[in-house]
Every structure is written in structure tokens, then in C-alpha cells.
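Asks: This is the structure, below, for whatever I ask next.
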Amino acid sequence: MAGMKKGAYQDRLAKVSLFSSLSKRDLQRISSHATSHRAFAGEELTREGRPGYEFFVIGEGRAVVRRKGRKVASLKKGDFFGELALLDRVPRNATVVAETDMELWVLDGREFGAVLREVPEIAVKILAILARRLSAADAKALH
Amino acid sequence: MSKGDYLNHLAEVPLFAACGKNDLKLIARRAENVQVKEGKELVAEGKPGHEFFVIAEGVATVKRKGKKVASLKRGDYFGELALLDRAPRNATIVAATDMELFILGQREFSGLLDEVPGLAHKLLTGMARRLRDHDSRSVH
């Protein structure tokens, strides 16, 4: 990333909860794949129905998740999104818009695959978070 | 079952289809191959879960609060949610026929996720699909 030293870049990655328990070596691996992106309030990050090519981790700021125009969730620092379209290769199932100025870590499909391979701990963390979401969705589907 | 047959059997499970021979050997060493009779309760809703199951043969019924919500067949897997988020089982699963299963305990399952990265990716893909199904249903 332009203007930021490698060490500073890794320090910032380490502050994101998804990456917080990782070793220095794993952080290096991730920083070699991830790109930092500054988004402005109002910027559309994913669009429902469109193909999705990126996975996002929020370093700073907040975003709104909308489905068919309706707000369904808020995302904050440490949250991630965009993994569903990358994993099952179907269009985005929600529109995500920056609610504030944001700092994001972005991985494309190839980079995301490489991180899952090289840093199994990340794959397991994402699995655990998706498992929680799925359990909650299963429980809700009954009511 | 001979060792070669056992490996071929594992390789037929879609979850392990992308695994190389070394990965399959590792899985074979960690997994227990179990036969169960029709009617056997494999997981109980609300109870803690310590095992991950892959169906080699047969059919199972998934029930939530006593209501049948899904069927699982050869090649399907279950039990990973409770292992991953360490919450109680969110469904009861009963063998609807005689079955053959591959079973991994918590430690073996976690170990394989670290040692066979392709496995985590496959599980993630399956979970992504299920989450998406829920998401699309919940807005309609």
C-alpha cells in the first residue's frame, strides 16, 4: 500500500478481530494478498444480483446491508462480507453501502482462496462465524 | 474392508473429492467407519455435540422441535455447526435406514481442518450455499 510501511500495514491488520490471533508470519501472508481500500460514505461496495469478485474486511467505519431495498443489517469494524458470492460463485445476495468513510481490506477470489489455503486458522474462524449465522438462521426459519 | 477399498470409499464422498491421496490417508486414519441400524438417534437437539458425520451409505432424517425439516443421503455430512460454534445441536438426526458413516471427533475434525485446507474451503462453500438459501427465503 502506497505511503504505509510494511510493519504499519501489519499492525493495522492485527487490529482487525478476524486477524487478531494470528502469528506475525500469517499476518505477513495475508498482507501480501490483501489490498487496502478507502471508501467514502455512500459508496456502493457490492450490488445485489451482480457477480461478486471480492471479499471485504472492515478495518474502520460502518456499512449498511440491504436486500431488495430493505435494510437487513449493519456491519462494523472487524466484520467481513462478500464471502458468499466468492464461495458458491453466484451473484451477490445483498447490496452493501458505506455508511461512513471506511477503511477496508479487500481480497479477490484468487487471493481469498490463497489465504484460506495458506492460513487455515482464518478458514476455521470464518467457518465458525458462518456456523453461528447458519444456526441462527435455522432457528429463525422454524418460528 | 481393505485399506485400498476404504480410501476409494472416502474418495467417493464429495466433501473429500478434491483431496489428494495423502490427504485421504490422513482422513482415513482419523475417521471411524461405523455401521448403524435404522432408527438410531445420531444427534439430539439441544445436547452438546462432539462429532462430525459423513454419510457413506443410507439415509437420515433431520428433525427440529419434532418436525421433519430435511433428509440427508449418501455423501451428505452433518454435525459441523455444533463443533464449529460450540453451541448445542440445533437438530435431531435419526437413521432412516441402516447406515454406514464416517465419524470424526472434535479433535480429529479440528486437526483435519488445519491439515487439509481444501476441506475448510469445501465446508465454507457448503455453508455459503445454505446461508444464501436462508437469506433469500427470509426476504420473501
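Asks: Quick one: dipole size for the protein assembly as shown, taken about the Cα centre, charges +1 on Lys/Arg Cβ and -1 on Asp/Glu Cβ, in debye to the nearest 20. Intermediate values should be presented prior to the final figure.
Replies: On the way: 49 positive and 37 negative charges, 144 e Å.
Its charge dipole is roughly 700 debye.
Asks: In addition: For the stretch A:37-64 and the stretch A:89-134, what is the centre-to-centre distance using only Cα atoms, to the nearest Å?
Replies: So the two Cα centres are separated by 11 Å.
Asks: Output the Kirkwood hydrodynamic radius of the protein assembly as shown, Cα pairs only, in Å rounded to one decimal. Don't skip to the answer; put the middle values down first.
Replies: Working: mean 1/r = 0.0495 Å⁻¹.
20.2 Å is the Kirkwood radius here.
Asks: Give me the percent relative contact order of chain B, please, defined on Cα pairs under 8 angstrom at least 6 residues apart.
Replies: On the way: 238 pairs, mean separation 41.6, N = 140.
So the answer I get is 30 percent.
Asks: Spelling out what I want: for every residue of the stretch B:87-99, take phi, set θ = phi - 60°, compute 6.51 cos²θ - 1.76 cosθ + 1.60 (Karplus), and round to whole Hz; glycine and proline get x.
Replies: 9, x, 4, 9, 7, 9, 10, 10, 5, 8, 9, 4, 9
Asks: While we're here: With +1 on the Cβ of every Lys and Arg and -1 on the Cβ of every Asp and Glu, and nothing else charged, how large is the dipole of chain A about its Cα centre, in debye rounded to the nearest 20? List each step's numbers first, then the result.
Replies: Working: 26 positive and 18 negative charges, 47 e Å.
That gives chain A a dipole magnitude of about 220 debye.
Asks: Let me ask something else. Quick one: 3J(HN,Hα) in Hz for the stretch A:78-83, Karplus 6.51/-1.76/1.60 with θ = phi - 60°, rounded, Gly and Pro as x.
Replies: x, 6, 10, 7, x, 6
Asks: Report the label-to-label distance for residue B:3 and residue A:35 in nanometres (one decimal), using points 7 Å from each Cα along the Cα→Cβ vector.
Replies: Between residue B:3 and residue A:35, the label points sit 4.8 nm apart.
Asks: Roughly speaking, what is the stretch gain from residue B:33 to residue B:45, that is 0.36 nm per residue apart minus the C-alpha to C-alpha distance, in nm to one decimal?
Replies: Working: separation 12, 0.36 × 12 = 4.32 nm, distance 2.33 nm.
Full extension from residue B:33 to residue B:45 adds 2.0 nm.
Asks: Another question about this same structure. Could you sort out which of A:15/A:68; B:47/B:122; A:71/A:125; A:140/B:73; B:25/B:65; A:76/A:140 sit more than 29 Å apart by Cα distance in this structure?
Replies: Details: A:15/A:68 33 Å; B:47/B:122 26 Å; A:71/A:125 26 Å; A:140/B:73 24 Å; B:25/B:65 38 Å; A:76/A:140 23 Å.
Pairs exceeding the cut-off: A:15/A:68; B:25/B:65.
Asks: Summing Lys, Arg as +1 and Asp, Glu as -1, what charge do residues with Cβ under 11 Å from the Cβ of residue B:46 carry, residue B:46 excluded? Before the final figure, lay out the partial values.
Replies: On the way: positive: B:47, B:64, B:65, B:89; negative: B:45.
Spelling it out: positives minus negatives among the neighbours equals +3.
Asks: When N counts the residues of chain B, how does its alpha-carbon radius of gyration compare numerically with 2.2 N^0.38 Å, as a ratio? The partial results should precede the final answer.
Replies: Working: Rg = 15.0 Å, N = 140, 2.2 N^0.38 = 14.4 Å.
Rounded to two decimals, the normalised Rg is 1.05.
Asks: Tell me which DSSP H helices of chain A clear both cut-offs, 30 Å or more of axial length from alpha-carbon atoms and a mean Kyte-Doolittle hydropathy of at least -0.5.
Replies: Values: long enough: A:120-142 (33 Å, 0.84).
Helices passing the filter in chain A: A:120-142.
Asks: Residue by residue through the stretch A:63-70, what is 3J(HN,Hα) from phi via Karplus (6.51 cos²θ - 1.76 cosθ + 1.60, θ = phi - 60°)? Round to whole Hz and write x for glycine and proline.
Replies: With the stated coefficients, the stretch A:63-70 comes to 9, 10, 9, 10, 10, 6, x, 9 Hz.
Asks: I've got another one for you. Roughly how compact is the stretch A:72-123, stated as its Cα Rg over 2.2 N^0.38 Å to two decimals? Display every interim value, and only then the final one.
Replies: On the way: Rg = 12.3 Å, N = 52, 2.2 N^0.38 = 9.9 Å.
Here the Cα radius of gyration is 1.25 times the empirical estimate.
Asks: If you average 1/r over every pair of different alpha-carbon atoms in the stretch A:12-143 and take one over that average, what Kirkwood value in Å do you get?
Replies: Numbers: mean 1/r = 0.0656 Å⁻¹.
Kirkwood radius, the stretch A:12-143: 15.2 Å.
Asks: So what is the relative contact order for the stretch A:4-93, in percent, with contacts set as C-alpha pairs under 8 Å and at least six apart? Walk me through the numbers before you get to the answer.
Replies: Working: 105 pairs, mean separation 25.3, N = 90.
Value for the stretch A:4-93: 28 percent.
Asks: For the stretch A:1-83, restrict the atom set to alpha-carbon positions and state the Rg and Dmax in Å.
Replies: 14.1, 42
Asks: Okay, moving on. Would you be so kind as to identify which of B:15, B:46, B:34 lies farthest towards the positive end of the dipole of the stretch B:14-68, taking Lys and Arg as +1 and Asp and Glu as -1 on Cβ and the Cα centre as origin?
Replies: B:46
Asks: For residue B:56, what residues show an amide H to amide H distance below 5 Å, using hydrogens built from the backbone and excluding near sequence neighbours?
Replies: Close amide H contacts, sequence-distant or interchain: B:75, B:100, B:101, B:102.
Throughout, read-outs are computed from the coordinates displayed, never taken from laboratory work. Note that the coordinates shown come from a computational prediction; the quantities given were computed from them, not determined experimentally. Counting neighbours? That spans all protein chains shown, and the Cβs are built from the backbone with ideal geometry, glycine included.
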